[in-house]
């Protein structure tokens, strides 16, 4: 099992956590996702030697880019992703 930790922007609440978790688990090789709201970090456990760039790209598309890469568009996308996560509860 491999693990990577990515510190992200725009992580606000459990709605964000729900969306990020469900979207990353759609990758077949991803076995577990742990999110730390206080540190804005996403820990991804996966099998094989997959390219971690895929996970960073997916997070960015949802509005949660890696720390230091934020934009106004990312902020807007994160609110939409967050709302989706709240609705799923």
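Exposed (fewer than 12 other Cβ atoms within 10 Å of the Cβ) and free of Cβ contacts under 8 Å to residues at least 24 places away in the same chain: does that describe residue 38?
In short, yes.
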Considering residues of segment 57-77 that are in a helix (DSSP H, G or I) and under 10 Å from the mean Cα position of the chain (by Cα) only, the residue nearest to residue 35 (Cα to Cα): 59
Which condition breaks for residue 89 when tested against (1) under 9 Å from the mean Cα position of the chain (by Cα); (2) at pLDDT below 95? (1)
Does segment 63-76 hold any residues that are free of Cβ contacts under 8 Å to residues at least 60 places away in the same chain, over 14 Å from residue 13 (Cβ atoms) and surrounded by 14 or more Cβ atoms within 10 Å (Cβ to Cβ), and which are they? 65
Examine segment 41-56 for a residue that is on the phi > 0 side of the Ramachandran plot, surrounded by fewer than 16 Cβ atoms within 10 Å (Cβ to Cβ) and either at pLDDT below 95 or part of a loop (DSSP other than H, G, I, E, B) (or both), and state whether such a residue exists. yes
Checked segment 2-13 for anything within 17 Å of residue 86 (Cα to Cα) and in contact with a strand residue (DSSP E or B) (Cβ under 9 Å, 6 or more places away or on another chain); matches are 11
Of the conditions (1) within 9 Å of the chain's Cα centre (by Cα); (2) assigned to a strand (DSSP E or B), the single one that residue 17 does not satisfy is (2)
Cβ contacts < 6 Å: first residue in contact (Cβ under 8 Å) with a residue 40 or more places away in the chain and on the phi > 0 side of the Ramachandran plot, restricted to segment 1-27; second residue part of a loop (DSSP other than H, G, I, E, B) and crowded, with 20+ Cβ neighbours inside 10 Å, any location; separation 6+ or different chain. Result? 10/63; 10/64
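The values are calculated or read from the model by the stated rules, or taken from the named source; none is laboratory data. Bear in mind the structure is a predicted one, so any value in this text is a computation, not a measurement. No Cβ is skipped: glycine too gets one built from the backbone with ideal geometry, and neighbour counts run over all protein chains shown.
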